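The values are calculated or read from the model by the stated rules, or taken from the named source; none is laboratory data. The structure displayed is predicted, hence computed values, not measured ones. Neighbour counts are summed over all protein chains in view; Cβ atoms, including those assigned to glycine, are modelled from backbone coordinates with ideal geometry. Heavy atoms of the whole protein, side chains included, go into the accessibility calculation; ligands, DNA and RNA do not. Shrake-Rupley method; radii C 1.70, N 1.55, O 1.52, S 1.80 Å.
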Amino acid sequence: MKRPSRKTVILIAMAVILLSVILVFQSTASQVLSTSAQADKKSDYIKWVEFNVTYEALEKAMKLDIETHEEEHPLHWIELLSYLGARYGGDFSRYKASDLDSLAEKLKGGQTMEELTKDMKYYSYYYEAYSAVLDQFVGEYKVQVPVEGSDQLEWKEKYGLKAFSPIAKTFPFDHYDDFGASRSYGFSRPHVGHDLMAATGTPVVAIESGTVEVMGWNQYGGWRVGIRSFDKKRYYYYAHLRKDRPFHADLAEGKVVKAGDVIGYVGRTGYSTKENVNNISTSHLHVGMELIFDESQKECNSEIWIDLYAITRLLQKNQSAVTRIAETKEFYRTYEIQDGQLTQ
């Protein structure tokens, strides 16, 4: 057999090297594209939400949802509000009740939200954003109610507002829209929560069921509790709890709490690096809601906190009745609830 010439060997070797380079390039390019696609997918989440839906819009949309729950064409309040959000560009100073009435009539008449929003470029954004805020506020649940003429309680199935006011029933409080107001302790910054002025010792209630992620001292918030919703979208922050006995005796990090449970007591702690100090002049509860679309947003320089004034007004429609135990001086909810979230 004739041996290949030196020139042929060199050409074959060069071809093998070229083929190897091509294969390596293709593999690298594939990995780069895959990594880029993963990065794009990972970064494809909402970075900012300005929630300025008015109390009037919230209340009316919720009422329509509850009233039509068992009808042929039920209305879903988050869809209604998202439609208006897309129509107004998120500016609810433009809200008119007649716009909501008109939308409701179209849907009751058989038109679908998909049909009505097909030309709305940002409807999906508002639906995702408003769902993150309100998703577990309205739905089916069971609650204990007194049996008329007896001391017994019975379970009753309901559909409606199942999130609770952060202040227990019969306890007074004052509030106004203070979101974005200036704060100066430590450094100049906007107020990213909502303050409810109430007497020290007033029972603080969990707005929504969830898991206690943090409890303890923070120099800005004093004694505080952080509770995460089960869908991980909402982080509730309750701060400035009272000195000495800030938390409910049953509360612990990692524990699941139910909407309406007592979690602590109003006070005026905070604004101090030293624990258990009353450095705030007025007793009040600071409550905040942070939206989390990606876990990287939980603690960063661009956290998404929303204005809770209108929501707090809405939640006053559902206040948790509480009972004080004389021996322990602790307050407990009077009526238990059962929610599908708690069994999932």
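For MET197, work out the one condition from (1) in contact with a helix residue (DSSP H, G or I) (Cβ under 9 Å, 6 or more places away or on another chain); (2) more than 30 Å from LYS142 (Cα to Cα) it doesn't fulfil.
MET197 satisfies every listed condition except (1).
Going through segment 154-165 one residue at a time, which ones are open to solvent by 80 Å² or more (accessible area, probe 1.4 Å) and in contact (Cβ under 8 Å) with a residue 24 or more places away in the chain?
Listed by number, the list holds a single entry, TRP155.
Could you identify the single residue in HIS286, HIS240 that is part of a strand (DSSP E or B), over 30 Å from TYR126 (Cβ atoms), in contact with a strand residue (DSSP E or B) (Cβ under 8 Å, 6 or more places away or on another chain) and not aliphatic (A, V, I, L, M)?
Result: HIS240 is the single residue among HIS286, HIS240 that is part of a strand (DSSP E or B), over 30 Å from TYR126 (Cβ atoms), in contact with a strand residue (DSSP E or B) (Cβ under 8 Å, 6 or more places away or on another chain) and not aliphatic (A, V, I, L, M).
Can you tell me which of (1) touching a Phe, Trp or Tyr at 6+ places or on another chain (Cβ under 9 Å); (2) free of Cβ contacts under 8 Å to residues at least 12 places away in the same chain; (3) open to solvent by 40 Å² or more (accessible area, probe 1.4 Å) is the one SER150 doesn't meet?
Looking at each condition in turn, SER150 falls short on (1).
Identify, please: which residue in segment 117-144 is assigned to a loop (DSSP other than H, G, I, E, B) and in contact (Cβ under 8 Å) with a residue 60 or more places away in the chain and is, among those, least open to solvent (accessible area, probe 1.4 Å)?
PHE137
State whether one or more residues within segment 267-290 are open to solvent by 40 Å² or more (accessible area, probe 1.4 Å), modelled with pLDDT of 95 or more and within 24 Å of THR323 (Cα to Cα).
Within segment 267-290 (the criterion being open to solvent by 40 Å² or more (accessible area, probe 1.4 Å), modelled with pLDDT of 95 or more and within 24 Å of THR323 (Cα to Cα)), the answer is yes, since at least one residue qualifies.
Considering only residues that are surrounded by fewer than 19 Cβ atoms within 10 Å (Cβ to Cβ) and not acidic (Asp, Glu), look in segment 55-75 and name the one that is nearest to LEU100 (Cα to Cα).
Residue satisfying both the conditions and the ranking: LYS63.
Matching residues to (1) hydrophobic (A, V, I, L, M, F, W, C); (2) within 21 Å of ARG234 (Cα to Cα); (3) touching a residue at least 24 places away in the same chain (Cβ under 8 Å):
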site: ALA259; (1), (2), (3): yes, yes, yes
site: TYR265; (1), (2), (3): no, no, yes
site: GLY270; (1), (2), (3): no, no, yes
site: ASP307; (1), (2), (3): no, yes, yes
site: LEU315; (1), (2), (3): yes, yes, yes
site: THR323; (1), (2), (3): no, no, no
site: GLU327; (1), (2), (3): no, no, no
site: TYR332; (1), (2), (3): no, no, yes
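Within segment 295-308, can one find any residue that is among the aromatic types (Phe, Trp, Tyr) and part of a loop (DSSP other than H, G, I, E, B)?
no
Of everything in segment 193-215, what is over 14 Å from the mean Cα position of the chain (by Cα), on the phi < 0 side of the Ramachandran plot and part of a loop (DSSP other than H, G, I, E, B)? Give them in sequence order.
Once the filter is applied, which keeps residues that are over 14 Å from the mean Cα position of the chain (by Cα), on the phi < 0 side of the Ramachandran plot and part of a loop (DSSP other than H, G, I, E, B), segment 193-215 yields ALA198, ALA199, THR200, THR202.
Please indicate, with yes or no, whether at least one residue in segment 314-329 is surrounded by 17 or more Cβ atoms within 10 Å (Cβ to Cβ), touching a Pro at 6+ places or on another chain (Cβ under 9 Å) and not in a loop (DSSP other than H, G, I, E, B).
Scanning segment 314-329, I find at least one residue that is surrounded by 17 or more Cβ atoms within 10 Å (Cβ to Cβ), touching a Pro at 6+ places or on another chain (Cβ under 9 Å) and not in a loop (DSSP other than H, G, I, E, B), so the answer is yes.
Mind checking which residues of segment 166-192 are touching a helix residue (DSSP H, G or I) at 6+ places or on another chain (Cβ under 7 Å) and open to solvent by 60 Å² or more (accessible area, probe 1.4 Å)?
ASP177, PHE179
Among the residues of segment 222-237, is any surrounded by fewer than 23 Cβ atoms within 10 Å (Cβ to Cβ), β-branched (Val, Ile, Thr) and not in a loop (DSSP other than H, G, I, E, B)?
Within segment 222-237, none of the residues are surrounded by fewer than 23 Cβ atoms within 10 Å (Cβ to Cβ), β-branched (Val, Ile, Thr) and not in a loop (DSSP other than H, G, I, E, B).
Would you mind stating whether VAL262 is open to solvent by less than 40 Å² (accessible area, probe 1.4 Å) and at pLDDT 95 or above?
It is true that VAL262 is open to solvent by less than 40 Å² (accessible area, probe 1.4 Å) and at pLDDT 95 or above.
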